[in-house]
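Everything on this sheet refers to the single structure shown next.
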Amino acid sequence: MYLSRIQVVELGTIEVSALRHIIHADLDAFYAAVEQLDNPDLVGKPVLVGGRPENRGVVATASYEARQFGVHSAMPMRTAVHRCPQGIIVSPRFTRYREKSGEVMAIFRDLTSIVEPLSLDEAYLDITDVVNGGSKPLAVALDLKRRIFEETGLIVSVGVGTCKTVAKIGSDLDKPDGLVVVQPGEEAKFLAPLAVGKLWGIGPKTAGRLKHEGIETIGQLAEQPLEWFARMFGKRAINVRDKAMGKDDEALHTGSATKSISSETTFAADVGDETELRDAVEQKAVGVAHQLDRKGLKGRTVKLKLRLADFTTFTRQFTLPYHTNDEEPIKAAAWALLAAELEPGRAFRLLGVGMANFGSDSEVNAQEVHQLPLFADVESAV
């Protein structure tokens with residue numbers, strides 16, 4: 001089962017015009033999970049991935065079965081074996097881990113182009129455009145967990161919030177196979193009862209200093225005046241205070257500029273009706289056009305993403321002769337792409353429209369805008 005628990009911190013009152021929606025996804029016991037996936041004989045057994053104890057090896061990852069005995073990453077393997085004598089030591093296979101990581105990262109980037117990988121097994125995803133396109137954060141997270149499990153065999157814990165701090169803490173709160181969604185306006189309430197050590201940048205030594213000051217929870221930390229933060233944290237004062245209040249506005253570091261903008265929806269029930277599909281594709285196209293306009297971007301390549309009832313997912317795309325953020329040519333191209341995929345009895349679970357290939361030229365006449373060929377010479381990718 002790819003999902004066992006969901007925690008949702010309920011919605012408060014907040015101005016939503018500039019909200020971000022961030023996911024932190026963390027694969028559970030990644031190295032050990034890959035070993036159990038590739039060798040079913042290891043499933044349900046305590047697996048210790050790392051070097052041999054006689055060679056002064058350390059634990060790279062321990063399965064959750066091994067963690068019940070107090071084994072954890074970076075522990076000397078000799079200590080791990082002492083605590084868990086029945087543990088099965090497996091040498092790391094980093095080539096294989098990178099391969100499985102690539103599969104997961106591809107799923108992340110299929111959802112959003114704004115992905116910040118932190119390591120082979122975790123990443124931040126900015127799903128703001130997906131949510132603004134009409135999807136609920138909880139539904140996006142559930143679908144992401146399902147896809148990763150069904151397509152890779154791996155289980156991921158997910159935290160969703162309006163900032164990186166909240167999302168990261170959320171993903172770690174209910175492992176393994178956890179899902180925590182913190183609704184906008186509830187960040188401070190969510191963080192308040194948690195230990196200060198949950199905040200990034202507050203290690204054991206700093207937590208000890210704070211305890212000496214009578215501060216053990218993030219809520220107690222957030223209540224302190226700015227002068228106190230300046231005394232305790234120096235140049236980091238405002239950054240730590242804001243994180244404690246759930247106001248972290250740090251951007252995702254993707255290493256590249258925005259490459260595409262998209263909007264998609266997962267239907268409550270599979271849809272095959274042409275009128276309903278046309279309404280949906282035009283609605284998504286209008287959403288993309290509005291996002292382009294807000295960001296001051298114009299694109300040439302219109303993309304259509306479709307998922308069938310059996311979860312087969314594929315894309316089609318059409319490149320316009322000009323760059324635009326006008327909704328009419330985007331709607332026309334998206335509908336032409338969709339119309340070419342309609343067949344009797346064929347139903348769709350998901351539909352998305354996107355725009356890529358950004359630039360600034362707009363040399364086009366009105367005829368070209370409204371007379372895209374219905375069965376265009378399209379590019380496709382499965």
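Restricting segment 1-57 to residues that are β-branched (V, I, T), touching a Pro at 6+ places or on another chain (Cβ under 9 Å) and buried (at least 16 other Cβ atoms within 10 Å of the Cβ), which is modelled with the lowest pLDDT?
So, considering only residues that are β-branched (V, I, T), touching a Pro at 6+ places or on another chain (Cβ under 9 Å) and buried (at least 16 other Cβ atoms within 10 Å of the Cβ), the one modelled with the lowest pLDDT is V49.
Is it true that some residue in segment 73-84 is hydrophobic (A, V, I, L, M, F, W, C), closer than 18 Å to A33 by Cα, surrounded by fewer than 19 Cβ atoms within 10 Å (Cβ to Cβ) and modelled with pLDDT of 95 or more?
No, there is no match, as no residue in segment 73-84 is hydrophobic (A, V, I, L, M, F, W, C), closer than 18 Å to A33 by Cα, surrounded by fewer than 19 Cβ atoms within 10 Å (Cβ to Cβ) and modelled with pLDDT of 95 or more.
State the number of residues belonging to segment 291-331 that are part of a helix (DSSP H, G or I) and either in contact with a strand residue (DSSP E or B) (Cβ under 9 Å, 6 or more places away or on another chain) or closer than 28 Å to E150 by Cα (or both).
6
Can you tell me which residue among E276, E250 is in the same structural domain as R294 (by TED's automatic domain parsing) and acidic (D, E)?
Only one candidate qualifies: E276.
Could you check segment 77-98 and list, in sequence order, the residues that are of a type outside the set (A, V, I, L, M) and farther than 22 Å from L120 by Cα?
Within segment 77-98, R78, T79, H82, R83, C84, P85, Q86, G87 meet the criteria.
Okay, residues lined up against (1) assigned by TED's automatic domain parsing to the domain that holds I22; (2) at pLDDT 95 or above; (3) out of contact with any strand residue (DSSP E or B) (no Cβ under 7 Å at 6 or more places or on another chain); (4) of a type in the set (A, V, I, L, M):
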| residue | (1), (2), (3), (4) |
| --- | --- |
| L179 | yes, yes, no, yes |
| G185 | yes, no, yes, no |
| G197 | no, no, yes, no |
| W200 | no, no, yes, no |
| T206 | no, no, yes, no |
| G219 | no, yes, yes, no |
| R231 | no, no, yes, no |
| G234 | no, no, yes, no |
| N239 | no, no, yes, no |
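Here's the yes/no breakdown for (1) touching a Lys or Arg at 6+ places or on another chain (Cβ under 6 Å); (2) not in a helix (DSSP H, G or I):
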position: P184; (1), (2): no, yes
position: F190; (1), (2): no, no
position: W200; (1), (2): no, yes
position: T206; (1), (2): no, no
position: Q220; (1), (2): no, no
position: F229; (1), (2): yes, no
position: I238; (1), (2): no, no
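Looking only at segment 169-192, filter to residues that are free of Cβ contacts under 8 Å to residues at least 60 places away in the same chain and of a type in the set (G, A, S); which one of those is farthest from I22 (Cα to Cα)?
Only one residue tops the list, namely A192.
Scan segment 92-123 residue by residue and report those that are closer than 22 Å to F358 by Cα and touching a strand residue (DSSP E or B) at 6+ places or on another chain (Cβ under 7 Å).
F108, R109, L111, T112, S113, I114, V115, E116
Return the residue satisfying two criteria in turn: it lies in segment 206-248 and is of a type in the set (G, A, S) and in contact (Cβ under 8 Å) with a residue 12 or more places away in the chain, and of such residues it is farthest from F190 (Cα to Cα).
Within segment 206-248, the match that is farthest from F190 (Cα to Cα) is A207.
Pick from segment 341-369 the residues that are β-branched (V, I, T) and modelled with pLDDT under 90: which of them is nearest to A285 (Cα to Cα)?
Selected residue: V369.
Quick check: is even one residue across segment 265-280 farther than 26 Å from T313 by Cα and either at pLDDT below 85 or assigned to a helix (DSSP H, G or I) (or both)?
no
How many of the residues in segment 324-359 are of a type in the set (K, R) and in contact with a Gly (Cβ under 8 Å, 6 or more places away or on another chain)?
Residues in segment 324-359 being of a type in the set (K, R) and in contact with a Gly (Cβ under 8 Å, 6 or more places away or on another chain): 1 in total.
Tell me yes or no: at least one residue of segment 299-313 is within 30 Å of S119 (Cα to Cα) and of a type in the set (F, W, Y).
Yes: segment 299-313 contains one or more residues that are within 30 Å of S119 (Cα to Cα) and of a type in the set (F, W, Y).
If a residue has to be closer than 19 Å to R93 by Cα and part of a loop (DSSP other than H, G, I, E, B) to count, how many in segment 35-69 make the cut?
Total satisfying the criteria: 9.
Residues that are more than 25 Å from G51 (Cβ to Cβ): list the helices (runs of 4 or more DSSP H) wholly contained in segment 70-178 that include at least 1 such residues.
94-111, 128-132, 137-152, 164-173
Under 22 Å from L297 (Cα atoms), at pLDDT 80 or above, surrounded by 15 or more Cβ atoms within 10 Å (Cβ to Cβ) and in the same structural domain as A268 (by TED's automatic domain parsing): does that describe L338?
no
What do you reckon, is I218 β-branched (V, I, T), closer than 30 Å to K136 by Cα and more than 16 Å from the chain's Cα centre (by Cα)?
Yes, satisfied.
Which number in (1) in contact (Cβ under 8 Å) with a residue 40 or more places away in the chain; (2) assigned to a loop (DSSP other than H, G, I, E, B) marks the one condition that A251 misses?
All conditions are met except number (1).
The values are calculated or read from the model by the stated rules, or taken from the named source; none is laboratory data. Everything numeric here is computed off the predicted structure, so don't read it as measured data. A quick note on method: Cβ atoms are made from the backbone with ideal geometry, for glycine too, and the neighbour counts reach across all protein chains shown.
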